[in-house]
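The values are calculated or read from the model by the stated rules, or taken from the named source; none is laboratory data. As the structure is a computational prediction, the values presented were derived from the model and not from experiment. Every residue, glycine among them, receives a Cβ derived from its backbone with ideal geometry; neighbour counts consider all protein chains shown. Calculation scope for accessible area: heavy atoms of the full protein, side chains included, ligands and nucleic acids excluded. Shrake-Rupley method; radii C 1.70, N 1.55, O 1.52, S 1.80 Å.
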Amino acid sequence: MRVSVFGLGYVGCVTAACLAKAGHEIVGVDINAEKVAMVNAATPPVVEPGLAELLATVVGAGRLRATTSSEEAVAASEVSLVCVGTPGRASGQLDVDAVVRTGQRIGAMLRRRAEPHTVVLRSTVLPGTTERSLVPALLDGARGRAALRVAVNPEFMREGSSLADFARPPLTLVGCGDPATASVLRLLYDGVDAPFVHTSIRTAEMVKYAANAFHALKVAFANEVADACNALGADAREVMRVFLMDRKLNVSEAYLRPGFAFGGSCLPKDLRALLHAARGADVSLPVLSAILPSNEAQVRRGVEAVLATRRHRVGVVGLSFKPGTDDLRESPMVTLVEALIGKGCDVRILDRNVATARLVGANRRYIEEEIPHIASLMCASVEALLAHAEVLVIGNASDAAALTLASAGSGHVIVDLTRGATRPPAGAASAA
Ligand SMILES: NC(=O)c1ccc[n+]([C@@H]2O[C@H](COP(=O)([O-])OP(=O)(O)OC[C@H]3O[C@@H](n4cnc5c(N)ncnc54)[C@H](O)[C@@H]3O)[C@@H](O)[C@H]2O)c1
């Protein structure tokens, strides 16, 4: 394919060189004439292992050249990759001026073009930027007369190993509205060894932020665990080596689905004990200390969502801290119910496991002694709950929750704290 690559920094330069290696015909564009001259001389404008050798090959073979002229580059291509910088301002706000200016320049070249041009945003931008900034800039440049295809294709390479990461990224992520645009990207990345994931534009934009926030969180987490280890006399390297061996619960999909707050007899208690011990040793653990307040904020959000319905009769499905258990210790749903009662709501609760535990089982005493005010609100059936409730609060993704949702009438307002965990995800990405 004939491809123009806007921005010859780390991402643009590596992308341009690797696509040229894959056999595409590439024109790189940068406003910095020095970088353009360096690429044309096969000298890497950024330090990256292997890039000098690769540039020598692809520039020498005539498959990669660079220019400062957007016009020349767009005229010579059917696809434009936007890899310009999106720096942060002092406030943290993202600066997308270079993306907008690039969009206007590409758009201006498309005014008189009949065949569709595919514009692919590879720079990191917040959800909504493509629709709110790039597309209007392209149409503005084209005075509304462009045959356009637009996609978001975040870059997952790491500086220092970017050539290898380009060839074998975790996934090829493409956000776009139509299969025709996705097909262009499939062809472009034909030689890349990774699952091709086609999703919406906003999802693709946001996945990059979720990924980078998670990577940052992992580093901070590992360092804080190491600090706690040092304070408590454990070997941090050995602790994390063993921790990483658990691919079922630790390094896995577990605990990474959006839903409601955590609770139960272990996580809150054990976090508190670790933080208490660290405080005793004068060790500060800011990330770990932020977890319980963050969890409490989720419970407050749930209470506010119910109160915002301005309805008084509330039916709660799921009282234990997760489905399939009768354990009510530190259940966030108990806290939520107590807050709603405090605000004057008339609450009824459906939870078969807890109902059974009320009659028999080890939790009977806990229910009778610790939360008798809540135990008396239990409902016997979905029908009884529906007859009482104006608002239905789904606390956990159980069969009872699915049944309640399926039987709810149009008069019931639903507050789903599981964020749709009882339904298949809407607009799920397709991977092939
Ligand atoms: N560096 C990384 O490891 C990495 C990884 C993934 C994603 N990203 C994202 O990719 C984007 C680019 O990052 P980078 O590190 O390559 O940035 P960079 O600052 O190294 O390079 C950006 C280049 O864009 C050029 N440029 C600016 N305005 C332009 C315009 N109007 N037309 C043409 N060129 C223009 C600049 O001169 C510069 O050479 C950013 O959004 C970044 O967040 C970076």
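Remarks
- For the chain, alpha-carbon Rg relative to the globular expectation (2.2 N^0.38 Å, N residues): 1.24
- Applying both filters, DSSP loop and at most 13 other Cβ atoms within 10 Å, to the trypsin sites (Lys or Arg not before Pro) of the stretch 220-263 gives Arg247, Lys248.
- For the stretch 291-432, the per residue solvent-accessible surface stands at 51 Å², with DNA, RNA and ligands left out and a 1.4 Å probe.
- q = 0.12, 0.26 Å⁻¹: log10 I(q)/I(0) that the Debye formula gives for the stretch 57-107, counting C-alpha atoms only: -0.38, -1.03
- Around Val413: net Lys/Arg minus Asp/Glu count, Cβ-Cβ under 11 Å: +1
- Label point 7 Å beyond Cα of Asn230 along Cβ direction - residues of the stretch 265-288 with amide nitrogen under 12 Å: 283-284
- Kirkwood Rh in Å, taken over the stretch 146-217 so that all alpha-carbon pairs contribute: 12.9 Å
- Convex hull of the stretch 204-323 built on C-alpha atoms - directionally averaged projected area, nm²: 10.0 nm²
- Computed in the context of the full set of protein chains, the accessible area of the chain at 1.4 Å probe radius has 55% of its extent on carbon or sulfur.
- With both labels modelled 7 Å from their Cα along Cα-to-Cβ, the Ser289 to Ala254 distance reads 2.9 nm.
- Computed helical MRE - 222 nm, the chain, DSSP H runs ≥ 4 contributing -39500 (n - 2.57), nearest 500: -13500 deg cm²/dmol
- Linear extension gain, Val46 paired with Glu370, 0.36 nm per residue minus alpha-carbon span: 110.3 nm
- Residue-normalised accessible area of the stretch 4-115, given per residue in Å² at a 1.4 Å probe: 43 Å²
- GNM remark for the chain: springs join alpha carbons under 10 Å apart, and the peak mean-square fluctuation among Asp235, Asp97, Asp140 falls on Asp235.
- Principal axis dimensions, the stretch 379-419 - Cα atoms, whole angstrom, descending: 23, 20, 15
- P(r), alpha carbons of the stretch 55-177 - 5 Å bins starting at zero, rounded %: 2, 10, 18, 20, 20, 16, 9, 4, 0
- Considering only GluC sites (Glu not before Pro) in DSSP loops that have at most 14 other Cβ atoms within 10 Å, the longest stretch of the chain without any of them is 254-432.
- Springs between Cα atoms under 10 Å define the GNM used for the chain, and in it the highest mean-square fluctuation of Leu173, Leu187, Leu51 occurs at Leu187.
- In this rough spin-label picture, where each label sits 7 Å from Cα along the Cβ direction, the Ala61-Asp190 distance is 1.4 nm.
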